[in-house]
Amino acid sequence: MNASDTSSVPPDRHVRAPATSASLLARMTGSDCVIRVRELNHFFGEGETRKQVLFHNTLEIQRGEIIIMTGPSGSGKTTLLTLIGTLRRVQEGSLQLLGQELNGIARQDMTALRKQIGFIFQAHNLFESLTAFQNVNMAAELVGIERAAARQRIEKLLTRLDLGHRIHYKPHSLSGGQRQRVAVARGLVHSPRVVLADEPTAALDRHTGREVVTLFQELARDEGCTIIMVTHDNRILDVADRIVNMVDGYIHSNVLVRESAAICEFLKGCPSFADLTPRSLSEVADTMQAVLYSPGTVIIKQGDVGRDFYLIRQGSVDVLQADGKAQRHVATLHEGQFFGEVALLEDRPRNATVIAKTETLCYTLGKDAFRDVLSRSHTFEEELRKVLFDRQ
């Protein structure tokens, strides 16, 4: 621990995140939740042929986030995407989009919501009789963009996507990649609040694919647009705020990429984790649970059994030690500092009390997981040898 080792907290004094820290970070930073999924199930077919394809999925996505969804074919990625986009009816569970519940939503409300969504699909579905400009303009007309503003927006988008010289070409005169870029422009022309994209860069070369995702980044940063991409394109993973992996209809993992990287950097400052490789550190980060403590909460108490290791992500805590009948202040710990590891390493009671000074977000790692990480950790050379051996 940085200053002193310091276990139980009254259950009504803190909030534990169900899977990731996304909702707690959003709460602390004041981010807006744009999509909230709770216990979402979905089925295809009727009667004896009825088959469940989504199982008890829970997810929160904030304003301005870029989410990449991965997973094998048939894992439920596209089904979840179309449910979020109101292209399928919600059957079981809750799905809220832009503050509206989609389970049981009226048709007119659903139509209004769709005008705030940009759809980009791998099958671009352009009208063959219309030019690139006209195909994009149809989307602008559907949401009532004024003609002059629409023209300016369309020309800007198509030029940005390297189609300025083919604005008035029809689809039969465009390559597959060029058609896909027209579909991208069509999905973005009305400045949607949410963009849903299924393999948006699959037909694009490296340069144009990068231009598309750079455009997505600008929309997220400058306009607060929330973007969800289903993709197998590992060239664009670096733009993701979060990677959601689906397997057999379940959200298998939900990783805040930049947050995971920040946790790894903080963990490297702890001697217990200093020798771990990046792969091992990321495994530890994915295992840790987010816990939000209100000011004044006793996080751990001197003399109690040690059960968790703590890493402070946001906020601060005071460390106190009993000195006779009085307590003396030992230290104040802040973001990136940690506590609780000494009791776990030496299997002895806490030697200090830790109290949340402000609203504090901690990542915790249980005693068994903490010891397991240490027991199976390798030096870089050992892990490299294992990786090379596994390739044979």
Practice item. Go through segment 47-53 residue by residue and turn each phi into a ³J(HN,Hα) via Karplus (6.51, -1.76, 1.60, θ = phi - 60°); whole Hz please, and just put x for glycine and proline. Key: x, 5, 8, 5, 10, 7, 10
Point to revise | Rounded Å value of the spacing that divides the Cα centres of segment 131-195 and segment 33-104 | key: 28 Å
Review point. Over the Cα atoms of segment 66-240, what is the Rg over Rh ratio if Rh follows Kirkwood?
Key: 0.96
Review point. With a sphere of radius 12 Å drawn around the Cβ of A139, what net charge do the other residues whose Cβ falls strictly inside it have (Lys, Arg +1; Asp, Glu -1)?
Key: +3
**Study point:** Base-10 log of normalised Debye intensity for segment 37-104 (one unit scatterer per alpha-carbon) at q = 0.19, 0.24, 0.25 Å⁻¹
**Key:** -0.78, -1.20, -1.29
Exercise for review: Could you please report the charge total around D162, scoring K, R as +1 and D, E as -1 over all other residues with beta-carbon less than 14 angstrom from its beta-carbon?
Suggested key: +4
Review point. How much FRET efficiency would the formula 1/(1 + (r/R0)^6) give for S294 and Q321, where r is the Cβ-Cβ distance and R0 is 35 Å, rounded to 0.05?
Key: 0.95
Practice item. Could you pull out the chymotrypsin sites (Phe, Trp or Tyr not before Pro) across segment 54-140 that fall in loop regions by DSSP (anything but H, G, I, E, B) with no more than 13 other Cβ atoms inside 10 Å? Key: F127
Review point. What number, in percent, do you get for the relative contact order of segment 176-273 if the mean sequence gap of Cα pairs under 8 Å and at least 6 apart is divided by its residue count?
Key: 22 percent
Revision key, fill the gap. Computed about the Cα centre, the charge dipole of the chain from +1 Lys/Arg and -1 Asp/Glu charges at the Cβ has a magnitude in debye, to the nearest 20, of 940 debye
Check your understanding: Nearest 20 debye, what's the magnitude of the dipole of segment 60-179 about its Cα centre given +1 on Lys and Arg Cβ and -1 on Asp and Glu Cβ?
Key -> 340 debye
Practice item. Compare the Cα positions of F55, N351, T332 along the charge dipole of the chain (+1 at Cβ of Lys, Arg; -1 at Cβ of Asp, Glu; about the Cα centre) and return the one farthest towards the positive end. Key: F55
Check your understanding: Can you give the convex hull volume per residue for the Cα atoms of segment 242-324, as a whole number of Å³?
Key -> 146 Å³
**Study point:** Residues whose placed amide H lies under 5 Å from that of F121, excluding near-sequence neighbours
**Key:** D198
**Study point:** Mean shadow area of the chain over all directions, Cα convex hull, nm²
**Key:** 24.6 nm²
Practice item. Before rounding to the nearest 500, sum -39500 (n - 2.57) across all DSSP H runs of length at least 4 in the chain and divide by the residue total; then give [θ] at 222 nm in deg cm²/dmol. Key: -10000 deg cm²/dmol
Point to revise | Per DSSP, loop GluC sites (Glu not before Pro) in segment 112-184 with at most 15 further Cβ within 10 Å | key: E128, E146
Exercise for review: May I have the count of lysine pairs in the chain with C-alpha atoms under 18 Å apart, counting pairs 8 or more residues apart or located on different chains?
Suggested key: 4
Exercise for review: With a cut-off of at most 16 other beta carbons within 10 Å, and DSSP calling the residue loop, which GluC sites (Glu not before Pro) in segment 321-358 qualify? Please list them.
Suggested key: E335
Point to revise | Of G85, S294, V255, farthest towards positive along the dipole that unit charges on Lys, Arg, Asp, Glu beta carbons give the chain | key: G85
Study note, to complete from the structure: When V284, V239 are arranged by how many other beta-carbons sit within 10 Å of their Cβ, fewest first, they go V239, V284
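Where a number appears in this text, it was derived from the coordinates with a stated rule and is not lab data. Being a predicted model, the structure only gives us computed values, none of them experimental. All Cβ positions, glycine included, derive from the backbone under ideal geometry; neighbour counts span all protein chains shown.
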